[in-house]
Every structure is written in structure tokens, then in C-alpha cells.
1. Of the listed peptides 182-195, 14-27, what is their order by residue-averaged count of other C-beta atoms within 10 Å, with the highest listed first?
2. When the Cα atoms of segment 158-230 are enclosed in a convex hull and the volume is divided per residue, what value in Å³ results?
3. Taking the Cβ of Gly199 as the centre, find all other residues whose Cβ is under 15 Å away and add up their charges (Lys, Arg: +1; Asp, Glu: -1).
4. Which of the trypsin sites (Lys or Arg not before Pro) found in segment 29-68 are in a DSSP loop and have at most 12 neighbouring Cβ atoms, other than their own, within 10 Å?
5. State, to one decimal in nm, how far the label point of Glu12 lies from the label point of Val125, with both points 7 Å from Cα in the Cβ direction.
6. Could you order peptides 208-215, 233-240 by the average number of other Cβ atoms within 10 Å of their residues, highest first?
7. Set the Förster radius R0 to 25 Å, insert the Cβ-Cβ distance between Asp50 and Met250 as r into 1/(1 + (r/R0)^6), and round the FRET efficiency to 0.05.
8. Report the extension gain between Ser236 and Arg106 in nm, rounded to one decimal, defined as 0.36 nm multiplied by the number of residues separating them, less their alpha carbon distance.
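Throughout, read-outs are computed from the coordinates displayed, never taken from laboratory work. All values derive from a computational prediction rather than experimental measurement. So basically every Cβ, Gly included, is an ideal-geometry build from the backbone, and we count neighbours across all protein chains shown.
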Amino acid sequence: MLGHAERNRLIEENLPLVGYLARDLHSRATHVPLEELASVGALALVTAADAFDPALGVPFGAYARRRILGAFADEMRSMDWASRGIRKRIKETTAIRDTLTARLGRSATADEIAETMGLPRTAVVEALDDAARTVTSLDDASVLEVPSAMTLPDEAAVLRERRDVLERAVAALPPRMRAIVQAVYIDERPVKEIAAELGVSHSAVSQQRAEAIRLLRDALERFAAEEQVEPISRVSVETREAYFTRITAMLPRAGRGMTPAASVPL
């Protein structure tokens, strides 16, 4: 395993990679908040450095990129809005649209698609709207083409600050959430295996993982964002403030900037 100094060096050198991959995916999946992708990617980078073994002979950049993209995929699966039926309808509608467009030599209208499919126009319009929201595949090779001169000093400084907060925010998570984050993002264990070990359902582990990510995002907004936004985690106010208090206690004195809330055990 890496020493502490080497681990931090790899994280800092690869922070711009998180921003690049997050922006690239956000440009193709605009319904996913860029800040959320950046938070998930930063966590994946930190956990990649924790788990990296140089003896494997794999460059850290390639290893971290795979972990970051995997974390993005997990995050988008957890917030996926489209059922299998909706995706089938989207696929059928876009296939008819593309066939008619090729035949007509121009973009097919919703009325023409509806007539061909024997469906109401409203159903076609809805399917096309849903198609516009569909996420582009993460298997697109372009996500691996990272420019060599991509370091932006201002962005790197912001990401470095977010990384420092994130490390403490992970450590301050409630024990079960922290264990699930460790198992999913560091140990790369299947959710089914984690659920069996904890004696809970697959969905319960997924819900805990998603709530942990929301808490981590709240922590980043609280301690590392220029403007404060409404929390997105679903825990009680008391529980959230107790979590923030634990993070505050871990931060350097200069970075605390607020009066800790009363500690409430989770």
C-alpha cells in the first residue's frame, strides 16, 4: 500500500481528472447535477488512492479513471428514472423516427411518427421528450481521451479543498453508512454480498449508499462551497447537524468557520 505522502500526491495530481470526467459526462447527461458528479468522482479518487497497489503494474491514472467512471455509473443507476417499459418505448419510437427521417430526407414530425406507430401524438411526444433525457453510454471511448495539459490551478485548488473536506466527511459518516461506502467504493464488493453480510436487503444497502452520498454532498456544500444551498440528505435536522459537528471537530482550526452544533449521537 502507498505511504500517506505518496497517496496525497497521487490524489492532488489527478484531481483535474475528476473535473474533466464530471464535465464530460454532464454535457451528455444534463439531468445529473455537475456538483453531484464532482462529489462522487472525488470520493472515488480518494478511495482509489487508498486501494491502489503499485505492484499490479497499472498506472494510477488509468486505475483511478476506471474507478471514477464506475462510481458515476453506480450513481446514475441509483437515480435512474426510466423503467424497462419506458426504455422500450423510447427505443421503438426513436427507431421509427430514424427510419422515417431516412426515408423522407428530413426530420420526421411527431404526427408522422404517431401515424406510423398507430399511437396518439401525445404518447409519441412524451417518448421523444424522454429520449432527450436518456443518458449517453459510459462505454463511449471518448471519456478516456483526457487532454495532457488539463491542469487548471483555480480548479485544482477548489478540488483539493473539497477532497480534504470529503476525507473527513467520510470518516464522520454513521458506522453502517461508512462501512457500506468502504465496501462499495474501496473494496469494490457486490451489493448483494454486502447485503447478505449485513443481514439486510439489496435495496436497503443501495438506499444507505445513496443517503451516504447525499450526506457527503451536504458536507461539501456546507464546508467547501462558496454559496450555501438547501441540504438534500433525508435524515433529520438533528442528525445532520450532529454529522456536521463531527466533521467540524476534524477540520483544521482555520477551516471551521462556524459554531459547532450540539452533538447528537446517531
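1. Packing proxy ranking, top to bottom: 14-27, 182-195.
2. So the per-residue Cα hull volume is 83 Å³.
3. 0
4. Answer in residue order: no site qualifies.
5. Calculated label separation equals 5.6 nm.
6. 208-215, 233-240
7. Efficiency for this residue pair is about 0.90.
8. Result for the pair: 41.4 nm of gain on full extension.
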